[in-house]
Structure formats: structure tokens, C-alpha cells
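One structure is given here, and the rest of the page talks about it.
The values are calculated or read from the model by the stated rules, or taken from the named source; none is laboratory data. What you see is a predicted model; the values in this text were computed from it and never measured. Cβ placement follows ideal geometry from the backbone for every residue including glycine, while neighbour counts extend to all protein chains displayed. All accessible areas refer to the heavy atoms of the entire protein, side chains included, with ligands and DNA or RNA removed. Shrake-Rupley method; radii C 1.70, N 1.55, O 1.52, S 1.80 Å.
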Amino acid sequence: MNDTTFAEHRLRIVVSGLSSDAHLWNLVYLQLLLEDLGHQVTNLGNTTPDRTIVRACRTGRPDLLVISSVNGHGRLDGLRLISALRAVPALSALPVAIGGKLGIDGRDHAGTTAQLTAAGYDAVFDDAAEGGPGAGLARFYAFLDRIGADRSCGRFAAGAGAA
């Protein structure tokens with residue numbers, strides 16, 4: 001990662017918690033991190049209903065949606081949310097990532113990652129995955145770089161047809 005790469009591929013990003021997750025500081029941290037990298041961020045906050053997230057993506061036309069979970073129910077809430085997002089044709093190609101604490105037992109959730117990816121997430125960053133949160137952050141940076149490069153090449157139609 002380098003700063004030039006992010007500056008060249010500035011993204012419009014929506015950051016949100018899930019409906020059952022009352023944690024806010026993870027979202028503030030994520031917003032500040034992304035803004036520091038040069039991206040434009042809309043933070044929907046915590047305990048955000050699915051319909052609010054879907055509406056924000058339809059009207060705001062972001063390049064990327066990032067979901068953060070701390071309470072350990074990210075897998076369950078995340079599956080419900082991605083189903084609602086992918087049911088909207090205008091959002092079918094929107095890149096969506098989910099990360100944080102996705103289960104309540106703290107173990108590596110390879111099955112959870114596979115399940116969330118199969119349901120429609122483009123990337124899953126589980127804090128309990130091998131390497132821990134530090135390795136997940138490195139993968140998140142690489143993901144952002146890829147999304148920015150894909151957007152520049154027109155590979156993602158995210159937001160283009162959102163209505």
C-alpha cells in the first residue's frame with residue numbers, strides 16, 4: 001500500500017454497524033481511518049436497520065459499503081443484510097465488505113467467511129481469522145486498493161444505476 005494509490009482512487013464509502021450492534025467507536029475509528037486514506041465516508045452509525053443501509057446505498061450511490069460488527073452477531077445480521085442488498089437490482093454489483101467480530105466464540109470462522117462470501121459479500125475480515133486483526137487490516141488495505149483500481153477501470157458498476 002502507498003498513499004499515492006489511495007489518492008488516485010478516492011472512493012465514496014458508506015460505513016455502518018448492524019441492527020443488533022450498539023458499538024459506535026469501531027465505526028468512528030473506521031471512518032477516521034478511511035478518511036485519513038483520502039476516501040469520502042458516510043457513517044450511518046450503530047444499530048442501523050437494514051432498510052436504512054439499503055436506502056443509503058440506493059440514494060448515496062457509494063463505491064463501497066463496509067459493515068463493521070463488534071457484538072459477535074455479524075454473521076447472522078450480515079447474512080440478512082446482504083440478502084436485502086442483493087435483492088435490489090441497482091445494488092447487485094455494489095462491492096460490500098464485512099468485518100470485525102463475526103461470531104461469539106472467538107474462534108477462526110473459516111466456515112463463516114465462506115458462508116458470507118457465498119451469500120454475496122465481496123470480502124470478509126474476521127478478527128478471529130488466522131493472523132488476527134493486524135493481518136485483517138493488511139488484507140483490508142489491499143481490498144481497498146483493488147476496489148479503487150477496479151473502479152478506475154470501470155469493472156464495478158456500483159452506484160452507476162442506483163436509484
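Observations
- Criterion applied to Gln31, Gln115 was being closer than 21 Å to Ala149 by Cα and modelled with pLDDT of 90 or more, and the one residue passing it is Gln31.
- For the stretch 121-131, a residue qualifies if it is more than 14 Å from Gly103 (Cβ to Cβ) and either open to solvent by less than 70 Å² (accessible area, probe 1.4 Å) or within 14 Å of the chain's Cα centre (by Cα) (or both), and the qualifying residues are Tyr121, Asp122, Ala123, Gly131.
- Test for Ala118: is it part of a helix (DSSP H, G or I) and either out of contact with any Asp or Glu (no Cβ under 6 Å at 6 or more places or on another chain) or surrounded by fewer than 17 Cβ atoms within 10 Å (Cβ to Cβ) (or both): yes
- Of the residues Asp126, Asp122, the single one that is in contact with a Pro (Cβ under 6 Å, 6 or more places away or on another chain) and either charged (D, E, K, R) or modelled with pLDDT under 95 (or both) is Asp122.
- Pairs with Cβ under 6 Å, 6+ apart, first in the stretch 132-148 and open to solvent by less than 60 Å² (accessible area, probe 1.4 Å), second at pLDDT 90 or above and not small (Gly, Ala, Ser): Gly136/Phe125; Phe140/Phe125; Ile147/Leu64; Ile147/Pro95; Gly148/Leu11
- Residue, most open to solvent (accessible area, probe 1.4 Å), within the stretch 62-91, restricted to residues that are in a loop (DSSP other than H, G, I, E, B) and at pLDDT 95 or above: Ala87
- The residues of the stretch 39-51 that are farther than 19 Å from Leu144 by Cα and either under 15 Å from the mean Cα position of the chain (by Cα) or outside any helix (DSSP H, G or I) (or both), listed by number, are Leu44, Gly45, Asn46, Thr47, Thr48, Pro49, Asp50.
- Taking the stretch 28-61 as the range and being touching a residue at least 40 places away in the same chain (Cβ under 8 Å) and open to solvent by 50 Å² or more (accessible area, probe 1.4 Å) as the test, the residues that pass are Arg58, Thr59, Arg61.
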